[in-house]
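**Q** The structure is given below, and queries will be raised subsequently.
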Number of protein chains: 2
Amino acid sequence: MTAPASPSLESPQCPLPLNRFDHIVIGHGSGGSMTSSLIREVFQSRLGNEILSAGNDAALVDLIQAAGADGRLVISTDAHIVSPLFFPGGDIGRLAVCGSVNDVAVMGARVKYLTASFILEEGLPLADLERIVDSMAAACAEAGVQLIAADTKVTERGKSDGLFISTTGIGWAPAALEIAGSRAQPGDVVLVSGQLGNHGIAVAQARGNLGFQSGIVSDTAPLNHLIEDLLAAAPDVHCMRDATRGGLATTLVEISQQSAVGITLEQTSIPVDAPVQAACDLLGLDPLYLANEGKITVILPEKSAGAALRALQSHPYGRAAALIGRVSAAGQPHLTMRTPLGTTRVLDMLAGEMLPRIC
Amino acid sequence: MTAPASPSLESPQCPLPLNRFDHIVIGHGSGGSMTSSLIREVFQSRLGNEILSAGNDAALVDLIQAAGADGRLVISTDAHIVSPLFFPGGDIGRLAVCGSVNDVAVMGARVKYLTASFILEEGLPLADLERIVDSMAAACAEAGVQLIAADTKVTERGKSDGLFISTTGIGWAPAALEIAGSRAQPGDVVLVSGQLGNHGIAVAQARGNLGFQSGIVSDTAPLNHLIEDLLAAAPDVHCMRDATRGGLATTLVEISQQSAVGITLEQTSIPVDAPVQAACDLLGLDPLYLANEGKITVILPEKSAGAALRALQSHPYGRAAALIGRVSAAGQPHLTMRTPLGTTRVLDMLAGEMLPRIC
């Protein structure tokens with residue numbers, strides 16, 4: 001019943017301000033005054049908005065009014081553990097925002113809100129954290145989404161790896177829209193929104209794994225506006241996915257299984273930048289299995305392919321969009337690719353791990 | 001344009017089944033066939049439901065229809081990094097579910113859905129992961145919520161610490177309900193739903209930090225049904241919070257600041273189990289600053305206190321609920337406590353860190 005105070009728990013007259021620290025320390029995860037300073041000075045100042053700043057245990061949003069009585073919520077979540085935290089063309093903050101924005105957008109939904117939880121390692125330079133949160137704020141602004149709830153935790157040094165960010169994306173879709181991995185059907189064509197493999201090679205390069213400098217830059221980008229343009233031009237999209245971990249091949253194998261169809265790709269139609277192809281040739285990697293963070297594949301009726309391609313190619317993130325294959329048959333699911341030699345190669349999901357911690 | 005295949009990327013005739021592994025390996029995070037096995041055999045089998053099993057990039061839910069045109073979405077997110085993964089009375093899985101359920105429920109919302117992202121360390125025993133996912137499934141069933149979206153990533157050994165789980169809770173609240181940290185006012189009373197500090201001491205004990213065995217068990221519990229009973233009996237609740245990291249004192253300091261009021265507690269009214277108090281006395285800890293994972297504090301008009309207390313005490317998770325203080329004055333925010341000696345102690349937020357990685 002009684003609670004004698006430990007002196008260390010008494011209120012200090014002057015709580016330590018954040019600018020007394022160059023690095024994250026364990027106390028920044030206490031849930032007390034140091035956590036408050038960190039949230040206020042690093043996160044609220046960059047990502048603050050009316051909903052986030054209310055400071056309650058959960059965020060209240062008016063999505064239901066926006067979506068109307070027949071709208072549906074669309075929700076996706078991802079952990080981001082990319083190593084290193086910074087890489088050519090992006091960083092873990094931009095990646096975390098774009099990852100969840102894209103997962104919601106490929107359902108045909110309007111992305112409205114994000115939540116983010118941060119796991120910080122003791123010793124993370126505050127300047128790095130600030131740079132990453134700046135990058136998140138810029139990506140949120142580009143995508144037109146608000147961060148509405150967040151959490152920070154801190155582990156001891158050596159028990160995490162700088163920074164992990166888990167994000168949840170929230171949007172709404174009209175009830176009429178039906179985009180799902182199970183809707184591919186014979187007669188559909190397969191599009192991809194641009195060149196494959198840049199993200200995977202850029203991160204490998206940032207790790208020093210390549211043994212050379214390639215100048216290749218990650219494609220990490222929020223694709224929600226590109227997708228809005230696409231759906232305005234071609235509302236009859238059957239399947240849409242972003243081709244992240246596991247690459248385009250794994251994504252299309254999943255769709256072939258969910259839809260119980262065969263899919264045939266034309267290798268010569270698949271856009272791959274020459275430096276990416278050269279890096280893959282040197283390293284024995286395959287761009288079809290490399291991660292992308294700014295590319296979608298779209299399956300839709302052939303009659304809409306022209307309008308869809310024009311819409312994609314009109315957007316900065318879709319300039320190199322191409323028609324790369326067809327849904328060939330219902331029945332036994334399979335993904336095959338016709339090579340330039342006229343042979344056919346069977347593609348399966350990525351087996352094992354090619355480049356760990358790519359996203 | 002061409003994509004010569006690396007032999008290692010070709011489809012194996014027999015992808016390695018999950019039961020070939022006792023431990024998590026890097027390939028389980030590839031996004032390929034090993035990730036698929038892990039998701040299907042460990043997660044889908046335990047947590048599967050129609051929404052989660054659709055297997056698209058994001059979940060589609062009908063919350064908007066359930067909530068009605070004037071309902072509001074309520075969303076909260078948390079990272080969970082508790083160490084160790086198992087402790088008396090709970091584990092990281094139960095904690096992760098209850099943490100997000102409770103954060104949404106204290107807004108007066110009906111909790112409906114959860115998302116979860118998992119960061120696994122290479123070498124985590126699969127049996128431990130299965131036990132934790134079982135525990136999540138049991139907590140979801142108890143709370144009546146569905147896990148609708150999930151993600152798994154794997155780090156190399158030594159780059160994370162067994163398992164981290166980030167959860168996002170999603171629910172809806174009627175537009176008429178107004179529960180917020182800014183609504184405490186003079187004349188209100190302060191309730192707590194039970195004994196303080198059990199979670200903090202239970203985790204410290206599991207770490208071997210105590211130097212003795214206390215038999216104290218964490219209070220980790222989903223409080224949404226308790227809160228529904230409370231709000232049915234006393235719909236005029238002004239503030240409600242779960243007193244997690246930073247403890248009851250930090251929670252009430254935050255409310256005093258958000259509402260710009262003074263709050264005065266009666267130390268002799270605050271429920272603390274005798275073994276917890278004894279452990280605190282020995283270790284120089286203060287139960288007011290220890291984390292709880294199954295306790296709420298409620299601020300409401302005095303006229304409703306009786307009905308509210310009866311509702312809390314009628315629920316298994318609220319047996320020891322008590323009236324512990326009053327909102328004393330508007331103006332300069334402060335939290336004070338009258339001690340058994342008749343003196344007054346000023347309480348501030350937790351400064352620094354008492355027990356790292358408590359949740």
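The values are calculated or read from the model by the stated rules, or taken from the named source; none is laboratory data. Just so it is clear, the structure is predicted and the values come from calculations on it, not from any experiment. When we count neighbours, we look across all protein chains shown, and the Cβ atoms used for this are built from the backbone with ideal geometry, even at glycine. The area values use the complete protein model at the heavy-atom level, side chains included, leaving out ligands, DNA and RNA. Shrake-Rupley method; radii C 1.70, N 1.55, O 1.52, S 1.80 Å.
**Q** Please compute the net charge surrounding B:Ser182, taking Lys and Arg as +1 and Asp and Glu as -1 over other residues with Cβ under 15 Å from its Cβ.
**A** -3
**Q** Put B:Asp286, B:Asp57 in order of accessible area, largest first, 1.4 Å probe: what do you get?
**A** B:Asp57, B:Asp286
**Q** Using a probe radius of 1.4 Å on protein heavy atoms only, what is the accessible area buried between chains B and A, both sides summed, to the nearest 100 Å²?
**A** Between B and A, the summed buried area is about 8600 Å².
**Q** Hey, another quick one. Please identify, among A:Ser76, A:Ser166, A:Ser36, the residue showing maximal mean-square fluctuation in a Gaussian network model of chain A using a 10 angstrom Cα cutoff.
**A** Checking each option, the largest mean-square fluctuation is seen for A:Ser36.
**Q** Amide H neighbours of B:Lys159 under 5 Å, at least 5 residues apart or on other chains, H built in the peptide plane: list them.
**A** none
**Q** So, one more: Hey, got the average number of other protein chain Cβ atoms within 10 angstrom for residues in B:216-226?
**A** Across B:216-226, the average partner-chain Cβ count within 10 Å equals 0.
**Q** On the accessible surface of the stretch A:18-174, probed at 1.4 Å, how many percent belong to carbon and sulfur atoms?
**A** Ligands and nucleic acids excluded, carbon and sulfur reach 45 percent.
**Q** Let me ask another. For A:Val346, place a label point 7 Å from Cα along the Cα-to-Cβ direction in every copy; what are the distances to the other copies, in nm, shortest first?
**A** Once sorted, the set of distances for A:Val346 reads 7.6 nm.
**Q** Which value at 222 nm does the protein assembly as shown reach when only helices count, each DSSP H run of 4 or more adding -39,500 (n - 2.57), with the total divided by all residues and rounded to the nearest 500 deg cm²/dmol?
**A** Calculated at 222 nm, the ellipticity per residue is -8000 deg cm²/dmol.
**Q** Among the DSSP beta bridges whose two residues both lie in the protein assembly as shown, what percent are antiparallel, rounded to the nearest 5?
**A** Around 75 percent of the beta bridges assigned by DSSP in the protein assembly as shown are antiparallel ones.
**Q** Below 19 Å Cα-Cα, how many Lys pairs turn up in the protein assembly as shown? Only count pairs eight or more apart in sequence, or on different chains, if you could.
**A** 4
**Q** So, for chain B, what is the accessible surface per residue at a probe of 1.4 Å, expressed in square angstrom?
**A** 33 Å²
**Q** How much accessible area does B:Asp134 have with a 1.4 Å probe, in Å² rounded to the nearest 10?
**A** B:Asp134 has an accessible surface of roughly 80 Å² with all protein chains in place.
**Q** Still on this structure, I have one more. In a GNM of chain A with a 10 Å cut-off on Cα contacts, which of A:Glu156, A:Glu228, A:Glu122 has the highest mean-square fluctuation?
**A** Ranking A:Glu156, A:Glu228, A:Glu122 by mean-square fluctuation puts A:Glu156 first.
**Q** Buried by at least 30 Å² relative to the chain on its own: which residues of the stretch B:61-98 qualify, computing accessible area with a 1.4 Å probe on protein heavy atoms?
**A** B:Val61, B:Ile64, B:Gln65, B:Ala69, B:Arg72, B:Leu73, B:Ile75, B:Thr77, B:Ala79, B:Ile81
**Q** Can I ask one more? I'd like the accessible area for A:Phe21: 1.4 Å probe, protein heavy atoms, all chains in place, Å² to the nearest 10.
**A** 40 Å²
**Q** State the Cα centre-to-centre distance between the stretch B:226-269 and the stretch A:280-317 in whole Å.
**A** If we compute the Cα centre of each part, the gap is 52 Å.
**Q** Still on this structure, I have one more. List the distances, in nm and shortest first, from the label point of B:Ala176 to the matching label points in every other copy, placing each point 7 Å from Cα along the Cα-to-Cβ direction.
**A** Ordered by increasing distance: 3.5 nm.
**Q** Leaving out ligands, DNA and RNA, and with a 1.4 Å probe, what % of the accessible surface on the stretch A:233-346 is carbon or sulfur?
**A** Of all accessible area on the stretch A:233-346, carbon and sulfur atoms account for 56 percent.
**Q** Under 10 Å, Cα contacts only: if you run a Gaussian network model on chain B, which one of B:Leu223, B:Leu282, B:Leu52 comes out with the highest mean-square fluctuation?
**A** Judging by the Gaussian network model, the answer is B:Leu282.
**Q** To continue, here is another question. Can you tell me how the stretch A:287-359 classifies by the Cα gyration tensor, rounded, prolate or oblate, using a/c under 1.5 as the rounded cut?
**A** oblate
**Q** Let me ask you something else. Applying a 10 Å radius around every beta-carbon, put A:310-320, A:22-32 in order of their mean neighbour count, most first.
**A** A:22-32, A:310-320
**Q** In the full protein assembly as shown, how much of B:Arg183 is accessible to a 1.4 Å probe, in Å² to the nearest 10?
**A** Spelled out: B:Arg183, probe radius 1.4 Å, area about 80 Å².
**Q** Kindly sort B:Lys159, B:Lys303, A:Lys295 by accessible area of their heavy atoms, largest first, with the probe set to 1.4 Å.
**A** Solvent-accessible surface, decreasing: B:Lys303, B:Lys159, A:Lys295.
**Q** Sorted from shortest, what are the nm distances separating the label point of A:Arg207 from equivalent points in the other copies, each placed 7 Å from Cα along Cα to C-beta?
**A** The projected label point of A:Arg207 is separated from its counterparts by 3.1 nm.
**Q** Let me ask you something else. Count, for each residue of A:264-271, the Cβ atoms from other chains sitting within 10 Å of its Cβ, then give me the mean as a whole number.
**A** 2
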